[in-house]
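Written out below as structure tokens is the structure these notes cover.
The values are calculated or read from the model by the stated rules, or taken from the named source; none is laboratory data. Computed from a predicted model, the values in this text were never measured in an experiment. For neighbour counting, all protein chains shown are included, and Cβ atoms are generated from backbone atoms with ideal geometry for every residue, glycine included. Side chains included, ligands, DNA and RNA excluded: accessible areas come from the protein's heavy atoms. Shrake-Rupley method; radii C 1.70, N 1.55, O 1.52, S 1.80 Å.
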Amino acid sequence: MSQLEWIAAAFVLINVALVALRSVWNYPFALVAVTLYAFVFYEAKLYSDMLLQGFFLVLNLYGLFAWVRARQDSGIPVGWMGARARWVWGGATVAAWIGWSAAMHRYTDAAAPWIDGAIAMASITAQWLLARRRVESWFLWIFVDLIAVPLFAWRGLYATSAVYVVLLGLSIDGLIQWRRAAAAGTAPA
């Protein structure tokens, strides 16, 4: 466990707590966290997660601008996807996971290409849906947290594994908060 991992973990926790509260201020913390975690995951040979941080950097910039434009006095409006969109996003995520993980398995010395790939592809979908302010993003974050905890512990990233246990609680809280906000009629435009 490096000092860099602990610092990155602290930034992630602050970021997700602010996301659950629908605060646009989550984004500066996210940008620092993903930058630091790119180095942490590289050292752990979790290449899917390392590359995922670059994607997160770009998508967090997109989310920042989308959330600033959508901000209201009552916070950031959120809503649900339609049934068709859920099927499309679910199918695309599974297809991406299979393709990505197969490539990582074949072409790299990744430590856990299939589990790491599942984390990466589910995280990409979750982050995109989060930027689009969709409640379903929290279900994916819960899934990611549940499989990331043992993977990171196995790779000796104990601080990150502990962070993901906390993130699991924050993701459950985020789901509860966003469901309430969506039910109150503050759906995205």
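A few points about this structure:
- The residues packed around Trp128, meaning those with a beta-carbon under 13 Å from its beta-carbon, carry a net charge of +2 if Lys and Arg are +1 and Asp and Glu are -1.
- The angle between the Cα long axis of helix 137-154 and the longest principal axis of the Cα atoms of the chain comes to about 20 degrees, rounded to the nearest 10.
- Residue-count net charge about Glu5 - beta-carbon cut-off 14 Å; Lys, Arg +1, Asp, Glu -1: -1
- Portion, in percent, of the accessible area of the chain that falls on carbon or sulfur, probe 1.4 Å: 70
- Theoretical ellipticity at 222 nm over the chain - DSSP helices of four or more residues, -39500 (n - 2.57) apiece, nearest 500: -27000 deg cm²/dmol
- Accessible surface for the chain, divided over its residues, is 49 Å² per residue with a 1.4 Å probe.
- Amide H contacts under 5 Å for Met81, placed H, 5+ residues apart: Val135, Glu136
- P(r), alpha carbons of the range 1-102 - 5 Å bins starting at zero, rounded %: 2, 12, 16, 18, 18, 18, 11, 4, 1, 0
- Accessible surface, 1.4 Å probe, highest first, among residues Ile142, Ile7: Ile7, Ile142
- Note on the range 38-189: along the principal axes its Cα atoms extend 48, 31, 24 Å, ordered by decreasing extent.
- Cβ-defined net charge surrounding Phe139, 12 Å radius [Lys, Arg +1; Asp, Glu -1]: +1
- Helix 47-70 vs. the chain, principal-axis angle (Cα, 0 to 90°, nearest 10): 10
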